[in-house]
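The values are calculated or read from the model by the stated rules, or taken from the named source; none is laboratory data. Please read all numbers here as calculations on a predicted model, not as lab measurements. Methodologically, a virtual Cβ is constructed for each residue, glycine included, from the backbone with ideal geometry; neighbour enumeration extends over all protein chains shown.
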């Protein structure tokens with residue numbers, strides 16, 4: 001693997017960075033954290049108008065027909081500002097599920113709606129604490145009706161469509177289903193997390209209509225592929241957040257004086273910043289590997305996805321934590337923006353499986369490639 005982003009892709013990144021700097025300042029994140037909104041609806045509409053939700057959707061389905069290399073750069077910029085919008089759940093998860101497993105009719109119906117922001121989507125497979133497997137699924141579909149409970153679903157109370165992993169009465173193993181959330185037989189239990197700017201809820205299905213997505217009984221294999229693709233995109237978003245943490249810490253260390261000197265001149269602070277830089281640089285290298293594998297649909301995508309996911313999760317948590325420490329006592333206060341990134345780092349690290357889950361996948365994928 002050896003590639004660099006071209007001039008057009010760098011232009012997409014620069015436009016996204018400029019747009020978000022103007023339209024998603026820290027006040028937008030704080031407004032969602034402090035208020036009763038599930039997300040910044042006005043910002044989401046602006047993002048949709050920019051065409052970002054349509055980035056990697058083929059033109060024949062109403063998208064821009066760009067590559068995943070453009071999409072990962074958009075993801076990085078959204079992470080850089082900790083954007084409180086349902087971009088990841090709708091684009092990385094639901095859109096990718098339909099692109100990968102949908103029939104032609106399903107693609108023609110749903111993808112234009114995702115591209116235009118008319119529909120927000122998400123994905124659900126976990127049902128209880130601990131690791132979820134195909135064998136542990138209790139949610140089931142009988143005669144086109146779904147019954148069961150999914151836990152801590154990201155953007156559940158925002159989305160209108162959800163991709164659900166459930167057992168089918170027509171075949172062995174798990175299958176994936178499309179379920180409209182705007183119907184009877186769907187209810188919610190709000191879940192509070194460390195990051196209120198990302199909505200989470202439990203979803204209870206009680207006889208809601210469900211439409212098969214992909215082949216019956218092959219849902220778990222499809223789910224693994226969807227999560228691999230999403231892992232790369234999440235890794236770039238995490239990387240963007242981690243880079244901001246480093247920048248915030250460096251700027252504070254250069255501006256804050258103690259004993260007549262900038263605290264950045266103290267060895268302890270230098271070491272913190274250096275370790276943050278090293279972890280971010282390693283994460284970026286792994287994210288490049290993931291982006292290449294995703295964009296080319298390379299056979300080693302599972303390995304690249306796990307590598308990117310683990311590297312970015314570790315870098316983001318470390319950088320968000322050390323950014324707070326670099327800011328000293330003020331870093332722990334509500335008024336300072338460090339908290340946004342620490343909260344987001346903790347939640348993103350478990351959104352599609354914990355670091356331990358992806359570390360295990362990394363070992364398994366390495367064995368397969370080797």
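Suppose the filter is closer than 21 Å to residue 86 by Cβ, in a helix (DSSP H, G or I) and in contact (Cβ under 8 Å) with a residue 60 or more places away in the chain; does residue 239 pass it?
Values: closer than 21 Å to residue 86 by Cβ: yes; in a helix (DSSP H, G or I): yes; in contact (Cβ under 8 Å) with a residue 60 or more places away in the chain: yes.
It is true that residue 239 is closer than 21 Å to residue 86 by Cβ, in a helix (DSSP H, G or I) and in contact (Cβ under 8 Å) with a residue 60 or more places away in the chain.
Determine whether region 37-46 contains at least one residue that is within 24 Å of residue 338 (Cβ to Cβ), over 18 Å from the mean Cα position of the chain (by Cα) and not assigned by TED's automatic domain parsing to the domain that holds residue 237.
Here is the first cut: in region 37-46, the residues within 24 Å of residue 338 (Cβ to Cβ) are 37-40, 43.
Keeping just the survivors that are over 18 Å from the mean Cα position of the chain (by Cα) gives 37.
This time we only want the ones that are not assigned by TED's automatic domain parsing to the domain that holds residue 237, so: 37.
Yes, the conditions are met somewhere in region 37-46.
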Test for residue 92: is it under 15 Å from the mean Cα position of the chain (by Cα), under 27 Å from residue 195 (Cβ atoms), surrounded by fewer than 24 Cβ atoms within 10 Å (Cβ to Cβ) and in the same structural domain as residue 14 (by TED's automatic domain parsing):
no
When you scan region 22-45, do you find a residue that is touching a residue at least 60 places away in the same chain (Cβ under 8 Å), under 27 Å from residue 301 (Cβ atoms) and surrounded by 21 or more Cβ atoms within 10 Å (Cβ to Cβ), even just one?
no
Top-ranked residue in region 46-55 [being in contact with a helix residue (DSSP H, G or I) (Cβ under 6 Å, 6 or more places away or on another chain) and touching a residue at least 40 places away in the same chain (Cβ under 8 Å); ranked as surrounded by the most Cβ atoms within 10 Å (Cβ to Cβ)]
53
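Any chance you could count how many residues in region 39-70 are assigned to a loop (DSSP other than H, G, I, E, B) and under 27 Å from residue 100 (Cβ atoms)?
Within region 39-70, the first condition is being assigned to a loop (DSSP other than H, G, I, E, B), and the residues that meet it are 39-40, 51, 55-58, 62-67.
Next, only the ones that are under 27 Å from residue 100 (Cβ atoms) stay: 39, 51, 55-58, 62-67.
Count: 12.
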I'd like to check something: does region 148-166 contain any residue that is over 28 Å from residue 41 (Cβ atoms), more than 24 Å from the chain's Cα centre (by Cα) and modelled with pLDDT of 95 or more?
yes
Selected residue (only one of 324, 363, 352 is in the same structural domain as residue 241 (by TED's automatic domain parsing), out of contact with any strand residue (DSSP E or B) (no Cβ under 7 Å at 6 or more places or on another chain) and closer than 21 Å to residue 29 by Cβ)
324
On the given criteria, is residue 206 surrounded by 14 or more Cβ atoms within 10 Å (Cβ to Cβ) and within 30 Å of residue 152 (Cβ to Cβ)?
no
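In contact with a helix residue (DSSP H, G or I) (Cβ under 7 Å, 6 or more places away or on another chain), in contact (Cβ under 8 Å) with a residue 12 or more places away in the chain and farther than 29 Å from residue 338 by Cα: is that true of residue 145 in this structure? If you could, list the steps in order and put the result at the bottom.
Working: in contact with a helix residue (DSSP H, G or I) (Cβ under 7 Å, 6 or more places away or on another chain): no; in contact (Cβ under 8 Å) with a residue 12 or more places away in the chain: yes; farther than 29 Å from residue 338 by Cα: yes.
Against the criterion (in contact with a helix residue (DSSP H, G or I) (Cβ under 7 Å, 6 or more places away or on another chain), in contact (Cβ under 8 Å) with a residue 12 or more places away in the chain and farther than 29 Å from residue 338 by Cα), residue 145 does not qualify.
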